[in-house]
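The block underneath contains the structure these notes are about, expressed in C-alpha coordinates.
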Amino acid sequence: MRVLIRGAGDIATGIALRLYRAGIQVVMTDLPQPTAIRRTVCFSQAILHGVYRVEDVMAWCAGTAEEVDAILDSSAVAVLCDPECECKTWLQPDVLVDAVLAKRNLGTAITDAPVVIGVGPGFTAGEDCHAVVETMRGHTLGRVYEQGSALPNTAVPGLIGGYAGERVLRAPADGVFHQMLEIGAMVKAGDVAGTVEGQPMRCTIDGVLRGILPDGITVFKGMKSGDVDPRGDASACYTASDKALAVGGGVLEALLHLTKVLF
(Lines give C-alpha, C1' and ligand atoms only; values in the text may rest on other atoms or scores of the structure.)
Protein backbone atom coordinates (compact mmCIF):
# COMPACT_ATOMS: atom_id res chain seq x y z
CA MET A 1 0.00 0.00 0.00
CA ARG A 2 1.23 3.46 -0.91
CA VAL A 3 0.15 6.51 1.13
CA LEU A 4 0.68 10.14 0.15
CA ILE A 5 0.80 12.60 3.05
CA ARG A 6 0.31 16.25 2.20
CA GLY A 7 2.58 18.10 4.64
CA ALA A 8 5.75 16.95 6.39
CA GLY A 9 5.72 18.92 9.65
CA ASP A 10 5.86 17.38 13.12
CA ILE A 11 2.28 16.02 13.18
CA ALA A 12 2.58 14.72 9.61
CA THR A 13 5.90 13.10 10.56
CA GLY A 14 4.27 11.38 13.54
CA ILE A 15 1.69 10.00 11.11
CA ALA A 16 4.44 8.86 8.75
CA LEU A 17 6.26 7.07 11.57
CA ARG A 18 3.11 5.16 12.55
CA LEU A 19 2.36 4.14 8.96
CA TYR A 20 5.95 3.28 8.08
CA ARG A 21 6.31 1.05 11.14
CA ALA A 22 3.11 -0.74 10.12
CA GLY A 23 4.75 -1.70 6.83
CA ILE A 24 3.14 0.98 4.65
CA GLN A 25 5.02 2.90 1.95
CA VAL A 26 4.96 6.64 2.65
CA VAL A 27 5.45 9.62 0.33
CA MET A 28 5.24 13.18 1.71
CA THR A 29 5.12 16.68 0.24
CA ASP A 30 6.03 20.10 1.61
CA LEU A 31 7.14 23.63 0.75
CA PRO A 32 10.51 24.45 -0.86
CA GLN A 33 11.30 26.41 2.33
CA PRO A 34 9.53 24.49 5.12
CA THR A 35 8.18 26.57 8.01
CA ALA A 36 7.99 23.82 10.63
CA ILE A 37 8.86 24.89 14.18
CA ARG A 38 9.87 21.50 15.58
CA ARG A 39 12.39 20.98 12.80
CA THR A 40 14.33 18.23 14.58
CA VAL A 41 11.34 15.88 14.23
CA CYS A 42 10.12 16.87 10.75
CA PHE A 43 10.73 14.92 7.56
CA SER A 44 10.31 18.23 5.71
CA GLN A 45 13.99 18.80 6.51
CA ALA A 46 14.86 16.25 3.81
CA ILE A 47 13.92 18.93 1.26
CA LEU A 48 16.68 21.17 2.65
CA HIS A 49 19.31 18.53 3.44
CA GLY A 50 18.61 15.81 0.88
CA VAL A 51 18.21 13.22 3.61
CA TYR A 52 16.88 13.43 7.16
CA ARG A 53 16.39 11.00 10.01
CA VAL A 54 13.68 11.14 12.68
CA GLU A 55 14.11 8.54 15.40
CA ASP A 56 15.00 5.34 13.51
CA VAL A 57 13.42 6.22 10.16
CA MET A 58 15.20 7.80 7.19
CA ALA A 59 13.61 10.12 4.63
CA TRP A 60 15.12 11.13 1.29
CA CYS A 61 14.19 14.01 -0.97
CA ALA A 62 12.91 12.92 -4.38
CA GLY A 63 12.42 14.87 -7.59
CA THR A 64 10.98 12.31 -9.98
CA ALA A 65 8.69 9.29 -10.00
CA GLU A 66 11.71 7.06 -10.53
CA GLU A 67 13.44 8.50 -7.48
CA VAL A 68 10.30 7.99 -5.39
CA ASP A 69 10.19 4.33 -6.43
CA ALA A 70 13.88 3.85 -5.62
CA ILE A 71 13.51 5.44 -2.18
CA LEU A 72 10.47 3.34 -1.31
CA ASP A 73 12.25 0.20 -2.53
CA SER A 74 15.10 1.04 -0.14
CA SER A 75 12.63 1.05 2.78
CA ALA A 76 12.74 4.80 3.42
CA VAL A 77 10.24 7.65 3.30
CA ALA A 78 10.17 9.77 0.13
CA VAL A 79 9.70 13.55 0.42
CA LEU A 80 8.82 15.80 -2.52
CA CYS A 81 9.01 19.57 -2.83
CA ASP A 82 5.43 19.89 -4.06
CA PRO A 83 3.33 22.43 -2.11
CA GLU A 84 0.29 21.96 -4.37
CA CYS A 85 0.53 18.14 -4.08
CA GLU A 86 0.47 17.82 -7.87
CA CYS A 87 2.26 14.48 -7.60
CA LYS A 88 -1.02 12.79 -6.69
CA THR A 89 -1.88 12.64 -10.39
CA TRP A 90 1.09 10.43 -11.29
CA LEU A 91 1.71 8.79 -7.92
CA GLN A 92 -1.88 7.49 -7.78
CA PRO A 93 -1.72 6.67 -4.06
CA ASP A 94 -4.06 4.19 -2.42
CA VAL A 95 -4.59 6.71 0.38
CA LEU A 96 -4.13 10.48 0.59
CA VAL A 97 -3.74 12.10 4.02
CA ASP A 98 -3.99 15.89 4.26
CA ALA A 99 -1.88 16.81 7.30
CA VAL A 100 -0.99 20.39 6.38
CA LEU A 101 -2.90 21.57 9.48
CA ALA A 102 -3.91 24.83 7.82
CA LYS A 103 -7.18 24.83 9.83
CA ARG A 104 -8.95 24.85 6.46
CA ASN A 105 -8.99 22.71 3.34
CA LEU A 106 -6.44 23.99 0.81
CA GLY A 107 -7.82 21.97 -2.08
CA THR A 108 -8.00 18.31 -1.09
CA ALA A 109 -10.99 16.48 -2.59
CA ILE A 110 -12.61 13.17 -1.71
CA THR A 111 -11.85 12.05 -5.29
CA ASP A 112 -8.07 12.54 -4.95
CA ALA A 113 -7.55 8.88 -3.95
CA PRO A 114 -9.63 5.79 -3.14
CA VAL A 115 -9.28 6.76 0.55
CA VAL A 116 -8.85 10.39 1.65
CA ILE A 117 -8.24 11.32 5.29
CA GLY A 118 -8.32 14.88 6.63
CA VAL A 119 -6.34 15.75 9.75
CA GLY A 120 -7.73 18.40 12.10
CA PRO A 121 -10.33 21.15 11.51
CA GLY A 122 -11.29 22.27 8.03
CA PHE A 123 -12.49 18.91 6.70
CA THR A 124 -15.91 17.24 6.73
CA ALA A 125 -16.10 13.46 6.48
CA GLY A 126 -18.37 12.41 3.63
CA GLU A 127 -17.89 15.70 1.78
CA ASP A 128 -14.19 16.42 1.10
CA CYS A 129 -12.73 13.27 2.68
CA HIS A 130 -13.76 9.83 3.90
CA ALA A 131 -12.64 10.36 7.50
CA VAL A 132 -11.32 13.09 9.78
CA VAL A 133 -8.84 12.60 12.63
CA GLU A 134 -9.04 14.83 15.72
CA THR A 135 -5.97 16.94 16.57
CA MET A 136 -7.27 18.85 19.61
CA ARG A 137 -5.54 17.81 22.83
CA GLY A 138 -7.92 16.23 25.30
CA HIS A 139 -10.30 13.30 25.53
CA THR A 140 -10.89 13.04 21.77
CA LEU A 141 -7.29 13.43 20.52
CA GLY A 142 -6.66 10.93 17.73
CA ARG A 143 -10.32 9.95 17.42
CA VAL A 144 -11.62 9.07 13.94
CA TYR A 145 -14.80 10.66 12.60
CA GLU A 146 -16.53 9.11 9.60
CA GLN A 147 -19.21 11.77 9.80
CA GLY A 148 -18.81 15.44 10.59
CA SER A 149 -15.68 17.42 11.43
CA ALA A 150 -12.95 17.76 14.03
CA LEU A 151 -13.34 20.29 16.84
CA PRO A 152 -12.93 23.91 15.62
CA ASN A 153 -9.62 25.66 16.10
CA THR A 154 -9.57 27.68 19.33
CA ALA A 155 -6.22 29.39 18.58
CA VAL A 156 -5.17 28.38 22.11
CA PRO A 157 -2.30 25.85 22.30
CA GLY A 158 -2.84 22.70 24.33
CA LEU A 159 -1.87 22.65 28.00
CA ILE A 160 1.61 21.23 28.66
CA GLY A 161 3.28 21.39 32.05
CA GLY A 162 0.64 23.83 33.24
CA TYR A 163 1.18 26.28 30.36
CA ALA A 164 -0.73 26.88 27.14
CA GLY A 165 -0.33 30.10 25.14
CA GLU A 166 2.75 31.06 27.15
CA ARG A 167 4.67 28.23 25.48
CA VAL A 168 4.43 29.74 22.01
CA LEU A 169 6.93 32.32 20.79
CA ARG A 170 5.55 34.72 18.20
CA ALA A 171 7.30 37.05 15.79
CA PRO A 172 7.41 40.60 17.23
CA ALA A 173 7.19 42.27 13.81
CA ASP A 174 6.95 41.74 10.06
CA GLY A 175 10.27 40.98 8.43
CA VAL A 176 13.08 38.43 8.28
CA PHE A 177 13.52 36.14 11.27
CA HIS A 178 16.96 35.71 12.81
CA GLN A 179 17.47 32.65 15.01
CA MET A 180 19.49 33.32 18.17
CA LEU A 181 19.19 30.01 20.05
CA GLU A 182 19.30 26.37 18.98
CA ILE A 183 16.61 23.77 19.53
CA GLY A 184 17.38 21.92 22.76
CA ALA A 185 18.70 25.02 24.57
CA MET A 186 17.55 25.52 28.15
CA VAL A 187 15.94 28.96 28.46
CA LYS A 188 14.67 31.32 31.13
CA ALA A 189 11.80 33.77 30.91
CA GLY A 190 13.16 36.89 29.23
CA ASP A 191 15.80 35.14 27.13
CA VAL A 192 15.92 36.30 23.50
CA ALA A 193 15.36 33.33 21.19
CA GLY A 194 15.31 35.33 17.97
CA THR A 195 14.85 38.76 16.45
CA VAL A 196 12.85 40.33 13.64
CA GLU A 197 14.00 43.68 12.27
CA GLY A 198 15.97 44.21 15.47
CA GLN A 199 13.02 43.52 17.74
CA PRO A 200 13.54 40.68 20.24
CA MET A 201 11.39 37.57 20.48
CA ARG A 202 11.60 36.74 24.18
CA CYS A 203 10.74 33.55 26.03
CA THR A 204 7.97 34.07 28.58
CA ILE A 205 8.55 30.90 30.62
CA ASP A 206 11.46 28.69 31.69
CA GLY A 207 12.02 25.41 29.90
CA VAL A 208 13.66 23.89 26.85
CA LEU A 209 13.46 25.44 23.39
CA ARG A 210 11.61 22.62 21.63
CA GLY A 211 11.24 24.39 18.30
CA ILE A 212 12.21 27.55 16.44
CA LEU A 213 12.12 28.79 12.86
CA PRO A 214 15.38 28.67 10.92
CA ASP A 215 17.33 31.83 10.19
CA GLY A 216 16.18 33.84 7.18
CA ILE A 217 12.47 32.96 7.10
CA THR A 218 10.13 35.84 6.25
CA VAL A 219 7.52 36.21 8.99
CA PHE A 220 4.59 38.43 9.91
CA LYS A 221 3.89 39.93 13.31
CA GLY A 222 2.29 37.36 15.59
CA MET A 223 3.36 34.36 13.48
CA LYS A 224 4.25 31.30 15.53
CA SER A 225 8.04 31.17 15.44
CA GLY A 226 9.12 29.09 18.44
CA ASP A 227 7.98 26.75 21.19
CA VAL A 228 9.20 26.37 24.78
CA ASP A 229 8.47 23.13 26.65
CA PRO A 230 8.19 23.89 30.40
CA ARG A 231 8.97 20.27 31.30
CA GLY A 232 12.60 20.97 30.41
CA ASP A 233 13.39 17.55 28.92
CA ALA A 234 15.84 18.22 26.08
CA SER A 235 15.57 14.64 24.81
CA ALA A 236 11.94 15.34 23.87
CA CYS A 237 13.22 17.72 21.18
CA TYR A 238 14.39 14.74 19.14
CA THR A 239 11.43 12.36 19.34
CA ALA A 240 7.90 12.56 17.96
CA SER A 241 5.44 14.00 20.48
CA ASP A 242 2.62 12.18 22.20
CA LYS A 243 0.17 14.27 20.15
CA ALA A 244 1.84 13.44 16.83
CA LEU A 245 1.81 9.71 17.58
CA ALA A 246 -1.79 9.81 18.84
CA VAL A 247 -2.91 11.50 15.62
CA GLY A 248 -0.79 9.00 13.67
CA GLY A 249 -2.59 6.15 15.42
CA GLY A 250 -5.92 7.65 14.41
CA VAL A 251 -4.84 7.90 10.79
CA LEU A 252 -3.65 4.29 10.83
CA GLU A 253 -6.99 3.19 12.31
CA ALA A 254 -8.96 5.11 9.68
CA LEU A 255 -6.76 3.79 6.88
CA LEU A 256 -7.08 0.14 7.90
CA HIS A 257 -10.84 0.38 8.39
CA LEU A 258 -11.58 2.28 5.19
CA THR A 259 -9.33 0.23 2.94
CA LYS A 260 -11.04 -2.93 4.24
CA VAL A 261 -14.44 -1.42 3.50
CA LEU A 262 -13.62 0.00 0.07
CA PHE A 263 -11.35 -2.75 -1.23
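Annotations for the structure displayed:
- Out of LYS243, LYS260, one residue alone is within 30 Å of GLU146 (Cα to Cα), among the basic types (Lys, Arg) and touching a Lys or Arg at 6+ places or on another chain (Cβ under 9 Å). It is LYS243.
- When ALA236, ALA246 are checked against the criterion of being surrounded by fewer than 19 Cβ atoms within 10 Å (Cβ to Cβ) and either closer than 28 Å to PRO32 by Cα or under 19 Å from the mean Cα position of the chain (by Cα) (or both), a single residue qualifies: ALA236.
- Residue, modelled with the highest pLDDT, within the range 125-140, restricted to residues that are open to solvent by 40 Å² or more (accessible area, probe 1.4 Å) and under 14 Å from ALA254 (Cα atoms): HIS130
- For GLY122, the conditions (1) modelled with pLDDT under 95; (2) touching a Lys or Arg at 6+ places or on another chain (Cβ under 6 Å); (3) farther than 25 Å from VAL79 by Cβ; (4) open to solvent by less than 50 Å² (accessible area, probe 1.4 Å) all hold with the exception of (3).
- Yes/no for ILE15 being β-branched (Val, Ile, Thr), out of contact with any Lys or Arg (no Cβ under 7 Å at 6 or more places or on another chain), over 22 Å from LEU245 (Cβ atoms) and touching a residue at least 12 places away in the same chain (Cβ under 8 Å): no
Condition check ((1) closer than 20 Å to PRO114 by Cα; (2) at pLDDT 95 or above) across all residues:
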{"residue": "LEU19", "(1), (2)": "yes, yes"}
{"residue": "VAL27", "(1), (2)": "yes, yes"}
{"residue": "GLN33", "(1), (2)": "no, no"}
{"residue": "ALA36", "(1), (2)": "no, no"}
{"residue": "VAL41", "(1), (2)": "no, yes"}
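- Top-ranked residue in the range 146-176 [being in contact with an Asp or Glu (Cβ under 7 Å, 6 or more places away or on another chain) and at pLDDT 75 or above; ranked as surrounded by the most Cβ atoms within 10 Å (Cβ to Cβ)]: LEU169
- Hey, THR108 in contact with a Phe, Trp or Tyr (Cβ under 8 Å, 6 or more places away or on another chain), among the polar types (S, T, N, Q) and either under 14 Å from LEU4 (Cβ atoms) or open to solvent by 60 Å² or more (accessible area, probe 1.4 Å) (or both) or not: yes
- Filtered residues of the range 22-35 (kept if open to solvent by 20 Å² or more (accessible area, probe 1.4 Å), out of contact with any Lys or Arg (no Cβ under 6 Å at 6 or more places or on another chain) and touching a residue at least 24 places away in the same chain (Cβ under 8 Å)): ALA22, ASP30, LEU31, PRO32, GLN33, THR35
The values are calculated or read from the model by the stated rules, or taken from the named source; none is laboratory data. From a predicted model like this one, the values you see are computed outputs, not experimental measurements. Cβ: placed from backbone, ideal geometry, glycine included. Neighbour counts: every protein chain shown. To get the accessible areas, we keep the full protein, side chains included, count just its heavy atoms, and leave off ligands, DNA and RNA. Shrake-Rupley method; radii C 1.70, N 1.55, O 1.52, S 1.80 Å.
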